[in-house]
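See below for the structure under consideration.
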Amino acid sequence: MPGVAVTHLRAGYFYYNLLHFKNMIKEAGSMGSSFGGDDRLPLVAPPDIAHAAAEELTRATGPRVRYVASDERTPTEIARVLGAAIGRPDLQWITFTEAQDRAGLAQQHMPAFVIEKLLELNAAIHNASMWRGYAQHRPATLGKVKLEDFAHDFAAAFGK
């Protein structure tokens, strides 16, 4: 579209996706997925996306892509911070095999096509292919909402 300034905002892994782990923590005493350990995750909160969108609306410099992240952590760090917030400082993130992850998602009665897409996403996180563009165009500044800030919301949702 000639003459139109379009910015594509590419957000990281939403903090709110971590709420999915509440029941796992309560039932198994751990968090886990087919990504984990030292895999890097750019995390993001909606207020930081809104701030980036507002900046882009006032900038209007032409077609571009802007990556948006609030914080960058590993699953190991995520488990430590969320565990501290819910009174479980020893909370661990377990890295499952794809087969284990598939079985766990199926036990939650998730449709097969959704399971396959989630496993594809998890594989891209684990092998870092999802973050190649992010790594090349990492935001100069991260947003204001840090994992420790979200941990308060997580603890409230967890029932602490």
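Every number in this text was worked out from the coordinates using simple rules, so none of it is lab data. Predicted model only: the values in this text are computed from it and were never measured. Every residue, glycine as well, gets a Cβ built from its backbone with ideal geometry; the counts of neighbours run over all protein chains shown.
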Quick one: net charge around residue 123, please, counting Lys, Arg +1 and Asp, Glu -1 for every other residue with C-beta under 12 Å from its C-beta.
-> -3
Pairwise Lys count, the chain - Cα closer than 27 Å, eight or more residues apart or different chains = 9
Where in the chain are the helices, taken as whole DSSP H runs, whose Cα atoms extend 18 angstrom or more along the long axis and whose Kyte-Doolittle mean reaches at least -0.5?
-> 46-59, 112-126
For 30, 129, 70, what ranking results if the residue with the fewest other Cβ atoms within 10 Å of its Cβ goes first?
-> 129, 30, 70
Within the stretch 98-160, list the chymotrypsin sites (Phe, Trp or Tyr not before Pro) lying in a DSSP loop whose Cβ has at most 13 other Cβ atoms in a 10 Å radius.
-> none
Label-point separation in nm, residue 152 to residue 116, each point 7 Å along Cα→Cβ | 4.3 nm
Gap in Å between the Cα centre of the stretch 29-83 and the Cα centre of the stretch 111-144?
-> 10 Å
For residue 58 and residue 99 in one chain, what is 0.36 nm times their gap in residues minus the Cα-Cα distance, to one decimal in nm?
-> 10.1 nm
Contour minus end-to-end for residue 24 and residue 136, with contour as 0.36 nm per residue of separation and end-to-end as the Cα-Cα distance?
-> 36.9 nm
